Structure formats: C-alpha cells, structure tokens
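Engineer: Can you read through this structure? Questions will come right after.
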Amino acid sequence: MKKLLFSFALLTGAASYAQTPVGTVVSNFTLTDINGTSHSLFDYLDQGKMVVIDISATWCGPCWTYHGTGALNNFYNQYGPSGTNQAMVFFVEGDPQTTVAQLNGQGGNTQGDWVTGQNMPIINLANQASFENSGMSIDYFPEMYVICPNRQILKSGVAGGIGTLNNLISYLQQCPPPASNPADVAAISYEGSLTHCEGSYTPSVQIQNNGTSPLTAATVTITQGGNTVSTGTYSGSLGTYGVATVNCSPIANFNGGALAVAVTTAGDASAANNSVTATVALATLAANQYVTVKITTDRYASETSWTIKNSAGTTVASGGGNWQDLGANGVTVRPPVQVQLSANQCYDFEILDSYGDGICCDYGAGSYSVEDALGAVLCSGGEFGDAEEKPFKTGALGVKEEFIAAMNVYPNPANEAINVSFEAENADYSIEVLDIQGRVIAVQSMNNANGTQVVSFDTENMAKGSYIVRISSEGLSTTKNVVVR
C-alpha cells in the first residue's frame, strides 16, 4: 500500500523524509483532545508508561483500514488507564485542515466516523503547535511512534505494519524500566560522521542520564580493535533522562572502520546500556577529477534524489527529485551524469529516498553507483532507508578536457541526422547514441583521431523522442541531450 500513504509535505510544502529514527530522544508536548482534556507527554512517561501515538488523517484510506482493525483501541482498553495502566495511547488527526465534524464522519473529506466506539484520547492538531516542537516528524499517514519512559523512540513506522495488537503488547516488554537507581548513564547514539576522507577524525557520542540523581560526570572511551583510540568526558548537571553530546579527542590519521563506544560513571547501576558501536566508511580514491553518477530507479522514482557535497558541505552537483513514477513495479535507467570536480579533494555522495525504503527491491531492482573516469566503482548500493552517504576523494587533473568543452550536437531537434563535432587529440574515441533508458542504439569508433572531427547518425530508424549522445576517450566521457523529430 506504499503510495496510498500520503506525505505530510503535500499539505505543508515542507521537505519530507522518513520518520524520526528509533533511538531519538523526544521533547515534551501538551495537547488538548476533542473533549477538552489536556495531555502532557512527559506526565505519562514519568509515570513509567509506554506511549503510543497513531497519526492519521480523516481522508486517508490506509488510515481508515488500520483504524478498522481495532488494534489500537483494543490495546488501549487492555493496557491503558482502565486496564493494566502500563501504557497510554493517542489517536492524532495530523492534517491541520481537518475539523472535528470530519472526525465524526460529517461532511466531505472523511472516510467515516473516527470517534464513536473509541475510548483512547483523540487529538485534532488544528491550531495546536506543541507537537511541532516534540522532535517527531509527520511524514505520511498513517504513521506511528512508540515511546518508552526514558523518552526514546522505541519504534516508528507505518501504523498498519508496526501497530498490530501483538506487536504493541510485545513493545511493553522491550521498553527499559523507569529510572530507579541514583547513578545510571547510557550511551544512546553515535553522533560523529559515518564517513571520513583523510587525516584527523573526531568521534562524538550522545549520552543520557537514566539515574534518579543528576549526572555530574561521565567518561567516554572509544576503542578500535581492542585498543583505546579516543576519550571524552562529561561534566555538569544532567537531570533524569537528560541528554548531552560528548565530543571526544581526535584520532590522528584515521583510516575508518568499526568503533566501540563505552560510557561510565561512578556507581553506575547498569552496564547493559553503556555501549554503542559505529562503522565509519573511508573515502575511496578516484582516478582524476571526473566522476559519473549512474542511477536506476524503482517504480517510485519521484522519491529519489542525490547530491555530491564538498568537504565544506556545499552541494556541487545534484539530480532527481522530479523523476516520474511508473504505473507498475519496475525500473528506469537514468541517463548517466558526468560531474567535473576539483582535483585532490574530498566529497560525499548522498542518495535520498523520501519514503524511507531505498530504491531496491520490493518495487523494482533499483541501484546506484558513482564511478571514476576509468570505470572503477567509488560507491554503490540500492538497499537503504531514507538516505545513504558515502565518501570519495578525487585524484589529480584528468586529460582530454578540450574535447569535452568543444563537443557540439546539431541540429537539435534533429530530423534526418544527428551530427556530432568535437576536438580530438591523437587518441581513440567512441561516439554513441543512447535512448533515455541508457541503452546504446548506435555507435561509431575512431582510432588515433586528431583535430576537428564530425560524425553523423542517420535518424531514419530512430523513434521520435529524447536521446543522449556520449563521447568517450581514455576513461573520460561527456554527454549531451538531443531530440529526434
């Protein structure tokens, strides 16, 4: 039911990415339900309760389907205040344009009566801004968050997938117990960059006070292969469930790899929550300053976009974000994009999926790769969540820049023939015409060519539409688009 889940970005115009990650420590919100009762998230968490939030919209078909299972209301009846009192449940109408009448099934833009027979609090977000500051995003409907007493998100995702009655019951056993010991520090997430190009590297970790007394001091130790490579300290006064980020000492000449993080404090009651791990990817080296980005999208191509950023975080190349979806599961090979970068510099390639399920494999075997001028793969993949980021470093200046700058394709649009001109430099060249799927439909080769060259391709057997002309020589290539009429 993937694309029946409607993005909140359609309502707000905001960029949409996958739900707030598991492990995130949320902020408090206070919201009023449709009966006028005020609810503070932290009030329930501080009582040791797990909190479940189902975010839906009255017009959303998949939301109505999940609502009709009764799983959320049944869980509330069994484990909410009138049951075992282990949990609290909120049904949140997340479309700010929705009225209470629509929640009651009256008027248009509603699937039916969402209120009758429901015992859990129902909250209409219209004119209530508190949720926006909670740290939880609304990315699609129906979306669910499960939050433990330590204020961390235990589960997040599509309500119909994670919100079955059996799943909700099992989450009660997965939440850590409420704070009960004076000293208990936890390492909850690795905050340092997961990519590294060269030189010194600074690890960073987020810690949390799971003790009942203020945390005044903690030590972070980072090891690699059993050897201590970095340390850090926290000092201050961190209240129960408060979080802090500890920046540790730099690792000189870091070559990437797996890092193990441990945090300790005097009298620590539990060692089970002291550790996290992270694997830092080291940049691969390109042959020169030219790279080619190759993307094969799955059915939902509109979700996919990519960027290349330099070491300052500035985007120097990008693509996607407006590709058209297919009508059925399948793939589309996007035209390769060659990017000229600065020589001997560090870059990060990032690919994004706005739905959060990558580009492979349920809806087509999508994939991506970034290749250097000699065809060596610098990074590749396809199975990821909302984003994947990988580093690479360019090599020394390439050659054959003149023919790349001088390439010309004419006429455009073309009727009878596609003419291609370029400047050759005593080298071998391949001149190709590709369709928009990236398939080569015509090719001409030239050996030891020099000076101005012109080649022609007859369009008689080419269907009307868009094509790509590509010239390649000694590991470099360049492309131009052309339309055949």
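Engineer: Which residues, counting only those in region 36-46, are free of Cβ contacts under 8 Å to residues at least 60 places away in the same chain and surrounded by fewer than 15 Cβ atoms within 10 Å (Cβ to Cβ)?
Structural biologist: Gly36, Ser38, Ser40, Asp43
Engineer: Can I ask one more? Any residue at all in region 304-316 that is assigned to a loop (DSSP other than H, G, I, E, B), at pLDDT 95 or above and either aromatic (Phe, Trp, Tyr) or outside the structural domain of Asp348 (by TED's automatic domain parsing) (or both)?
Structural biologist: no
Engineer: Looking at region 41-64, which of its residues are part of a helix (DSSP H, G or I) and touching a Phe, Trp or Tyr at 6+ places or on another chain (Cβ under 6 Å)?
Structural biologist: Leu41, Cys63
Engineer: Just to be sure I understand, how many residues within region 123-137 are closer than 11 Å to Gly94 by Cα and surrounded by 15 or more Cβ atoms within 10 Å (Cβ to Cβ)?
Structural biologist: The qualifying residues number 6.
Engineer: Any chance you could count how many residues in region 67-126 are in contact (Cβ under 8 Å) with a residue 60 or more places away in the chain, in a loop (DSSP other than H, G, I, E, B), under 29 Å from Asp46 (Cβ atoms) and not small (Gly, Ala, Ser)?
Structural biologist: Of the residues in region 67-126, 5 are in contact (Cβ under 8 Å) with a residue 60 or more places away in the chain, in a loop (DSSP other than H, G, I, E, B), under 29 Å from Asp46 (Cβ atoms) and not small (Gly, Ala, Ser).
Engineer: Here is a follow-up. Within region 353-371, how many residues are modelled with pLDDT under 95 and outside any loop (DSSP other than H, G, I, E, B)?
Structural biologist: Here the count works out to 2.
Engineer: Scan region 283-317 for residues that are under 23 Å from Thr479 (Cα atoms), small (Gly, Ala, Ser) and touching a residue at least 60 places away in the same chain (Cβ under 8 Å) and jot them down.
Structural biologist: Selection gives Ala286, Ala287.
Engineer: Ok, one more. Checking the conditions here, which among Val246, Val276, Val263, Val291 is assigned by TED's automatic domain parsing to the domain that holds Gly382 and of a type in the set (A, V, I, L, M)?
Structural biologist: Going through Val246, Val276, Val263, Val291 in turn, the sole match is Val291.
Engineer: So in region 176-219, with the set limited to residues that are of a type in the set (Asp, Glu) and modelled with pLDDT of 95 or more, which one is nearest to Phe254 (Cα to Cα)?
Structural biologist: Glu191
Engineer: Considering only region 118-171, how many residues are under 19 Å from Gly80 (Cα atoms) and not basic (Lys, Arg)?
Structural biologist: Qualifying residue count, region 118-171: 26.
The values are calculated or read from the model by the stated rules, or taken from the named source; none is laboratory data. Predicted model only: the values in this text are computed from it and were never measured. Glycine gets a Cβ as well: all are built from the backbone with ideal geometry, and neighbour counts include every protein chain shown.
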